[in-house]
Amino acid sequence: MSPVLACALCLLFAWWPQARAQQVATAQGDSGVLVLGRVSDDPQAHYDQLKPLLDYVIPRMASVGIHSGRILMAKDPQQMASYLRRGRVDWINETAGNAAMLERRDVAHAFLITQREGAERYHTIFFVRRDSPIQSLHDLAGHSVAFQSPYSTSAYYLPAAQLLSEGQSLELLLSPMDKPAPDRVGYVFARTELNITTWVHKRLVDAGVLSNLDWINPSRVPPAFAQDFRVIGRTEDVPRALMLARNGLAPNVEARLREVLLDAAKDPDAGEALRRFMETGYFAPISAEDQRALERLAQGVQRVRMEVE
């Protein structure tokens, strides 16, 4: 063997373990970095919400080897599921519907409830105009309902699953002016809560759905509209929002993260970070009933995705 070839082989053998170790580290992620994720259609605004909480949490994670943090945005829940599966995101805050979907995909698990807008739990309200002939959810066949968006828990997943559980069939309409088949409930996405209430008030659609929190918010249900509305049904309560950890996150890291978040409400230094984190009041443990509600919601979300979308 020539001296040049022997030298090349020595360099190769010395380089290979280091390169392999770097590949493994890249695949598994840097164990000293904690990545906070968010599904976002407005990355800059959401970054400003997430960064104060991340800055509060990271210095308190040193005892488990965490020395820095990052934020990673996903364009939709499907991309976030991929990030979680690949270990690119470690923890996220999500609505109950998306949390249930991620748990069902076996990429993450909820470990805390997020109290937001003064509530730990919420539900969906179905409403119509006071002069509408519709008296109950069973009367919605042949009529139209306004949902908010395809990823909303309270204004899509919960009400759609409720209608399916009561024997209704759903049909996507081309516009608010379109009409469904006589034996189906037609639905459209209105994008905002105010659009939902406006469309019902102006009789563009026959019914609308809102969370009970939005129902009492005058910026979403103007008093001039509210006096003309009537409630015809509601769903069960589900957690307002949840903190999830990716499956595979080191148990000691998850345990410390849970501890830091639970203690945050008692720490004056966390006040501003919690306020900017979508008006969070505190984080709370998940009860057995909350877990059962999430399991039922996961079944409902799965049914909506299979029978409606």
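Every number here is computed from the coordinates shown, using simple stated rules; none is lab data. As the structure is a prediction and not an experimental result, all values here were calculated from the model. Positions of Cβ are backbone-derived with ideal geometry, glycine not excepted, and every protein chain shown enters the neighbour counts.
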Original post:
Quick one: putting +1 on the C-beta of Lys and Arg, -1 on the C-beta of Asp and Glu, what dipole do you get for the chain around its Cα centre, in Debye to the nearest 20?
Top reply: 480 debye
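Rounded to the nearest 20 Debye, what is the dipole magnitude of the stretch 25-163 about its Cα centre when Lys and Arg each give +1 and Asp and Glu each give -1 at the C-beta? Write out the running numbers ahead of the final one.
Working: 14 positive and 14 negative charges, 41 e Å.
Using only the charged Cβ atoms, the result is roughly 200 debye.
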Original post:
How large is the helix-only mean residue ellipticity at 222 nm for the chain, computed as the sum of -39500 (n - 2.57) over DSSP H runs with n ≥ 4, divided by its residue count, in deg cm²/dmol to the nearest 500?
Top reply: -12000 deg cm²/dmol
Subject >> Calculated on alpha-carbon atoms, Rg and Dmax of the stretch 124-236 in Å >> reply: 12.3, 34
Original post:
What's the longest piece of the chain with no exposed trypsin sites (Lys or Arg not before Pro), counting a site as exposed if DSSP puts it in a loop and it has at most 14 other beta carbons within 10 Å?
Top reply: 1-74
**OP:** Select from A270, A288, A298 the residue whose mean-square fluctuation is largest in a Gaussian network model of the chain (Cα-Cα springs shorter than 10 Å).
**Re:** A288
Subject >> Whole-Å distance, taken between Cα centres, linking the stretch 251-265 and the stretch 123-151 >> reply: 41 Å
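Compute, for the stretch 76-124, the length of the dipole vector about the Cα centre, with Cβ point charges of +1 (Lys, Arg) and -1 (Asp, Glu) only. Units Debye, rounded to 20. Please list the in-between numbers first.
Working: 7 positive and 7 negative charges, 36 e Å.
The calculated dipole for the stretch 76-124 is roughly 180 debye.
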**OP:** May I have the pair-distance distribution P(r) for the chain, computed from all Cα-Cα distances with 20 Å bins from 0 and rounded to whole percent?
**Re:** 30, 48, 17, 5, 1
